[in-house]
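A.B. asks: Quick one: the structure is below, questions incoming.
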Amino acid sequence: MTEQHPAGLTRRAILAGSGALALAGTARAQTAAPDLAAARSEGKVVIYNNWQPNGIEPLLRRFREAVPGIQTEQIRLGSNPLIERFQTEFAAGRHLCDVLVTFPDERIDEGMKQGWMAAWTPAEIGHFAPEFNNGNMLFTIQHSRECIIWNKAQVRPADAPKEWADLLDPKWKGKVGMNPPWRSVAIQQICAFWEDLGIKDAAARLKANEVRFFEGSGGIIQAVIRGDVRVAELTDLPLNPLLEDGAPVGFVYPKSGTTLSANKAFVAAKAPHPNAAKVFLNWLMTAEGQVHLQTYCGLSVTRKGAPPLSKLPATAQLSNVVDGEKILTPDRQKAIVETWRSTFGIR
């Protein structure tokens with residue numbers, strides 16, 4: 001059966017004939033098409049990423065099928081350690097990464113000034129809104145949102161949390177989970193948003209509620225499914241695929257609002273495989289690549305006309321969605337990380 005999307009487009013219709021877009025496409029695309037022959041002579045591309053772990057290899061397999069002759073290697077970390085790793089390697093002159101995909105903070109802006117990123121024009125850029133292209137170096141390919149989830153087998157509908165402050169309710173003591181804020185830029189952003197909502201001393205209050213930390217969104221949602229915790233704060237990147245698989249997870253995007261995080265990608269200026277890097281990132285921006293990216297990695301994509309997620313509401317349907325990057329200033333980020341580390345004795 002052909003999958004039908006709410007937008008009225010079938011996955012088959014989207015994918016039909018679109019593989020060529022990565023390499024050729026319209027006349028306009030041809031003028032900026034990456035050098036495929038040079039990419040194949042390089043033989044591989046190395047991707048640093050923050051994607052849903054279970055979806056990475058299926059996504060890369062789709063790329064290898066679409067573009068034979070280029071092997072893939074990848075390193076998956078949370079956004080904060082991912083940026084830190086690239087920054088450290090760049091400063092040491094160890095250029096191992098070809099393409100980096102992450103939720104950015106001010107280090108990405110500073111890295112742009114320091115020469116981290118190659119300037120180029122992807123063939124597919126015309127299919128994206130201008131605000132998703134930063135200087136022909138940094139490209140927004142996905143968005144995530146923050147939400148609350150719960151185990152539907154353990155939490156009755158009437159008891160399910162509805163707002164962020166519900167995570168502080170003593171009835172969830174020892175049963176609430178989250179990704180540690182010092183690990184993830186997206187979590188730092190929602191902590192800033194909580195402050196803006198007037199939620200005071202969230203770190204201390206969650207410590208009193210015996211919050212449990214798990215590594216990354218994948219770790220969080222698996223902890224909820226296993227019943228290690230009953231409710232949790234979640235960056236929604238693994239949610240749609242697991243809902244499609246029938247996971248017993250309830251979710252809510254609170255009416256008070258939430259933060260949106262832009263997942264951005266760049267080709268490293270000193271990439272060891274620069275042509276393969278451009279071929280790969282350009283493929284991610286094709287109609288085919290965007291469908292696979294959304295299917296396997298769980299986040300809504302940004303290409304014009306791309307179908308919505310199958311199980312989650314569109315961003316436009318949510319109330320008070322705030323760009324997390326705009327509220328997380330460098331000083332505020334530092335203060336949030338220091339507060340949470342100090343509260344939980346993490347150094």
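The values are calculated or read from the model by the stated rules, or taken from the named source; none is laboratory data. Because the structure is predicted, anything quoted here is derived from the model rather than measured. Note that each Cβ is placed from the backbone with ideal geometry, even for glycine, and that neighbours are counted across all protein chains shown. Each accessible area value is taken on the protein alone, full model and side chains, heavy atoms only, with ligands, DNA and RNA left out. Shrake-Rupley method; radii C 1.70, N 1.55, O 1.52, S 1.80 Å.
A.B. asks: Return the Rg/Rh ratio of the stretch 243-326 with Cα-based radii and a Kirkwood Rh. Before the final figure, lay out each step's value.
C.D. replies: Working: Rg = 15.8 Å, Rh = 15.2 Å.
On the Cα set of the stretch 243-326, Rg over Rh gives 1.04.
A.B. asks: Below 8 Å between Cα atoms, with a sequence gap of 6+, how large is the relative contact order for the stretch 97-241 in percent?
C.D. replies: Values: 165 pairs, mean separation 43.1, N = 145.
Relative contact order for the stretch 97-241 comes out at 30 percent.
A.B. asks: Tell me the relative contact order for the chain as a rounded percent, counting alpha carbon contacts under 8 Å between residues six or more apart.
C.D. replies: Values: 662 pairs, mean separation 98.4, N = 347.
Here the relative contact order equals 28 percent.
A.B. asks: Report, as a whole number in µm² per second, the diffusion coefficient that Stokes-Einstein gives for the stretch 64-146 at 10 °C and 1.306 mPa s using the Kirkwood radius over alpha carbon pairs. Write out the running numbers ahead of the final one.
C.D. replies: Working: Rh = 14.6 Å.
It diffuses with D of about 109 µm²/s by this estimate.
A.B. asks: Can you list the equivalent-ellipsoid semi-axes of the chain, largest first and in whole Å, using the square root of 5 times each Cα gyration tensor eigenvalue? Can you show the working numbers first?
C.D. replies: On the way: eigenvalues 239, 112, 57 Å².
That gives 35, 24, 17 Å for the three semi-axes.
A.B. asks: For the chain, give me the percentage of DSSP beta bridges that are antiparallel, rounded to the nearest 5 percent. Please report the intermediate quantities before stating the final value.
C.D. replies: Numbers: 25 of 40 bridges.
Percentage antiparallel, nearest 5: 60.
A.B. asks: Now, a different point. What do you get for chymotrypsin sites (Phe, Trp or Tyr not before Pro) in the stretch 146-189 restricted to DSSP loop and a cutoff of at most 14 other Cβ within 10 Å of the site's Cβ? Working shown, then result.
C.D. replies: On the way: sites: Trp150, Trp164, Trp172, Trp182; in loops: Trp182.
Hits after loop and neighbour filter: nothing returned.
A.B. asks: log₁₀ I(q)/I(0) of the stretch 112-271 at q = 0.09, 0.10 Å⁻¹, via Debye over equal Cα point scatterers, no solvent, to two decimals?
C.D. replies: Each listed q maps to, in turn, -0.37, -0.44.
A.B. asks: Using protein chains only and a probe of 1.4 angstrom, how many square angstrom of Lys311 are accessible, to the nearest 10?
C.D. replies: My reading of the accessible area for Lys311 is about 110 Å².
A.B. asks: Need the list of lysines near Lys171 for cross-linking: C-alpha distance under 30 angstrom, and skip anything on the same chain fewer than eight residues off.
C.D. replies: Qualifying lysines at Cα under 30 Å: Lys152, Lys162, Lys200, Lys207, Lys255, Lys311.
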